[in-house]
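A quick write-up on the structure given underneath.
Derivation of every value follows stated rules applied to the coordinates shown; laboratory data play no part. Here the structure is a predicted model, which means the values were calculated and not measured. Quick reminder, even Gly has a Cβ in these numbers, built from the backbone with ideal geometry, and neighbours come from all protein chains shown.
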Amino acid sequence: MSQDVAVYAASDRPPPMKKILAELRKRHVPVVWKPTFTAEEERSAEWKVGSLSPEGAPGPQDTIGISWEPLEDYMREEALEHPASSAYQERLRRARTFFQLSLPDSASDEGWRRLAYLVEALAGKGGAVVYEASNDRFLGAEDYGGRDGTP
């Protein structure tokens, strides 16, 4: 099982992976980016799918799967129609990018903190919204704190 988190961000494009890694390092969270490329993406500098693992990690326990795509209208409509999204309607209407994050339930406390920091890095300053699938709830990215609620 895994903890699946969606981030609905206002930016049109994802931040460059170098910027995400720098943001995590500022918080003393060194990670290794492992892209999953398609042939088209290999020719592009933009990332689409991959994983972030702690530097020197022996296994996948704390590896975060990450992907993004432009937010399609049907995806926005599904989020807007969800009863738990009522407090975030305006933010969801402004959202342009959808990030999908996944962390194993067996992750360590440090893995959960890493997930919370990653949500912050992806959210930027644009009032992003987070959807936690396991708790079936929406919340502001500024309120997301991973498993224990405190980044």
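Largest GNM mean-square fluctuation among R27, R13, R114, using the chain with Cα springs under 10 Å: R27. For the chain, a Gaussian network of Cα nodes joined below 10 Å ranks G124, G56, G65 by mean-square fluctuation, and the top entry is G56.
Relative contact order, whole percent, for the chain stands at 35, derived from Cα pairs under 8 Å and 6 or more residues apart. Placing unit charges on the Cβ atoms only, positive for Lys and Arg and negative for Asp and Glu, gives the chain a dipole magnitude near 640 debye about its Cα centre. The calculated 222 nm mean residue ellipticity attributable to helices in the chain amounts to -8000 deg cm²/dmol, summing -39500 (n - 2.57) over DSSP H runs of n ≥ 4 and dividing by all residues.
How big is the charge dipole of the range 76-151 about its Cα centre, in debye rounded to the nearest 20, if each Lys and Arg gets +1 on its Cβ and each Asp and Glu gets -1 on its Cβ? Write down the numbers at each step before the final one.
Numbers: 10 positive and 13 negative charges, 76 e Å.
So the magnitude is around 360 debye.
Which one of V7, P70, W33 is farthest out on the positive end of the charge dipole of the chain, using unit charges on Cβ (Lys, Arg +1; Asp, Glu -1) and the Cα centre as origin? Value: W33. The alpha-carbon atoms of the range 16-136, seen along their principal axes, cover 42, 37, 24 angstrom, with the largest extent given first.
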